[in-house]
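Written out below as structure tokens is the structure these notes cover.
The values are calculated or read from the model by the stated rules, or taken from the named source; none is laboratory data. Predicted, not measured: the structure shown is a model, and the values here were computed from it. All Cβ positions, glycine included, derive from the backbone under ideal geometry; neighbour counts span all protein chains shown.
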Amino acid sequence: MDAKTKKEIFKNLEKTKKGIPLSHRAKDAWTKGFCLHPCYREDWDKVSEIFNDYCIDMSHQGPIITKQTTEEVLLAKRITDQLINDKKIRKMALKVSYPLRNVYPNPKMSEDQLIGGTIFIIVLRLIPSFCIKIGMDKLKQFIDNGSKYEIFDSLFEQHGTIKDTQKGFEDAVRKMIEKLK
């Protein structure tokens with residue numbers, strides 16, 4: 001280890017003494033992952049601040065985020081499989097040149113892989129935005145009416161891990177939708 005590296009290590013250690021404890025910083029880094037791109041740190045800080053305001057440990061909420069993301073990824077794959085053979089969509093996907101192009105240049109990559117990956121990323125971004133825009137009005141409508149107590153009561157009575165309670169939450173959502181019809 002050269003002198004410059006040692007100096008940087010000691011400089012970082014000194015910062016942790018004055019600021020947030022290293023254990024808290026390490027936990028935060030572990031929770032958000034080491035691959036969080038610097039341009040998204042502001043968003044991470046906002047989310048982290050909200051969790052901190054409610055005294056919620058984000059590391060325990062990873063399964064919720066993972067479960068929601070898994071469902072979105074599976075849905076995006078199903079929609080992509082439906083769209084991938086549409087000639088107009090394929091033509092549009094080939095024209096994409098912005099940074100969200102999801103693939104690295106690879107001479108072994110087929111045109112279908114390039115198009116499929118591009119469609120998948122667009123659909124994956126579209127799902128939460130579309131669902132939130134549509135769903136927020138319906139959720140507000142549900143919360144404003146009197147049947148919210150029955151559903152929230154069943155949600156608060158759930159026991160077990162996030163995986164154990166997933167079916168109960170899905171059933172509650174189905175009941176909410178039925179009551180709104």
Go through segment 140-149 residue by residue and tally those that are hydrophobic (A, V, I, L, M, F, W, C) and without any contact (Cβ under 8 Å) to a residue 24 or more places away in the chain.
1
Checked segment 140-175 for anything closer than 21 Å to residue 75 by Cα, modelled with pLDDT of 85 or more and among the hydrophobic types (A, V, I, L, M, F, W, C); matches are 169, 172, 173
Within segment 116-131, identify whether any single residue is surrounded by 14 or more Cβ atoms within 10 Å (Cβ to Cβ), out of contact with any Phe, Trp or Tyr (no Cβ under 7 Å at 6 or more places or on another chain), without any contact (Cβ under 8 Å) to a residue 24 or more places away in the chain and farther than 23 Å from residue 60 by Cα, and answer yes or no.
yes
Any chance segment 84-92 includes a residue that's surrounded by 15 or more Cβ atoms within 10 Å (Cβ to Cβ) and in contact with a Ser or Thr (Cβ under 7 Å, 6 or more places away or on another chain)?
no
Can you go through 141, 166 and tell me which one is surrounded by 14 or more Cβ atoms within 10 Å (Cβ to Cβ), in the same structural domain as residue 94 (by TED's automatic domain parsing) and in a helix (DSSP H, G or I)?
166
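Within segment 88-103, can one find any residue that is at pLDDT below 90, under 25 Å from the mean Cα position of the chain (by Cα) and not in a loop (DSSP other than H, G, I, E, B)?
yes
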